[in-house]
Amino acid sequence: MKVRISAASKFIASLVIVCLCLSAGIAAGKEKNIEDVIAGLVNKIPQRQKNAKSGSEFSACIASVPSSQREEAIELEVTEGNFPEFLKRLKPVRMTHRFHDGTTKTATIFAMPDYLSVGSDGDYLLTPMALRSAVDTAMKLGFMLPTRKMVDAIFSQSDIRCVPQPLPAGPEMRSTAYYVKHDQKIKTQLLAMACAPGALVSGHKKDVVLSNRLIRSQGKIAIYGWHRLSGIPIQPLSTVHGANYADYSHGIRLINDTVLIDGEPQSMTDLLENPKLADVVSDEGPMPGLRRFMNSQCTLSTDSTHLSPR
């Protein structure tokens, strides 16, 4: 008999692990402490199987399938752990906010170093996703999508900043062929910059983000970013497209749902709904109803009986 563990129970367990790591790491110093915290945050992600598809094999499998089936296939592969090991090397990104009364709070968020992809460290494909499958995938792994403010912080603290490389606009933007073509351009640039796997990388994709606009207007996807080297994003926050839209320029950067506020762990979802503290990680203020919104996306997402192209 399978025992189903609720999302709340999983989160409580995650917090317990983080708290234990924090306590155990005090004597070892701050950097070791952060490493212990990160280890606790990723230990429930499934291990990649030896017979899992490489990025090249996966791109061949989805080359001619409809976009809906491609979404299902991406979600299945990622939630089964078929993504590069270096994505588990979460990067601490610190964000400090000064409130009107002069007090400050510092949040340490834990971001995947690059956008979601399918495959191995040496052969992977960056995989854009529509909102519903992105949120569902993130929550199954104990993660969530970033806010606009988080995207800016990640860019400012990145080890490697890519030059955006747009492809010609047109219907092909949503094709797997464009996904592959853009992926190759990015990897050529990263190779030229001697980018080590696991380095915090930005500038090569627009982020799918959380926004109050999504909560107020259901059925949309919010995108933001693709920063130039100057720090100015090509894409301002936009909710023009429907929730099922995805194209080659989008990236899914996952942020762990555990955040440290002045060293104390709490749920990022709770933080974003908190009217007193949300400004630390959101430039839109609090996001009331965020948890309900994310749960609704999972309900609307594809049924759990996914079939990956073989």
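Bear in mind these aren't lab numbers, they're just calculated from the coordinates by the rules spelled out. Quick caveat: nothing in here was measured; it's all calculated off a predicted structure. Glycine gets a Cβ as well: all are built from the backbone with ideal geometry, and neighbour counts include every protein chain shown.
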List the trypsin sites (Lys or Arg not before Pro) within region 179-282 that fall in a DSSP loop (any state other than H, G, I, E or B) and whose Cβ has at most 11 other Cβ atoms within 10 Å.
LYS276
Rounded to the nearest 20 debye, dipole of the chain from Cβ charges on Lys, Arg, Asp, Glu:
180
How much net charge surrounds CYS195 when only other residues with a Cβ under 12 Å from its Cβ are counted (Lys, Arg +1; Asp, Glu -1)?
0
Two-decimal Rg to Rh for the chain - Kirkwood Rh, Cα set
0.94
Cβ-based charge dipole, region 45-300, positive-most Cα from THR269, SER249, PHE86
SER249
Ellipsoid semi-axes in whole angstrom, largest first, where each is sqrt(5λ) of the Cα gyration tensor of region 83-126:
35, 8, 5
Any number yet on Rg/Rh for region 52-98, C-alpha, Kirkwood?
1.20
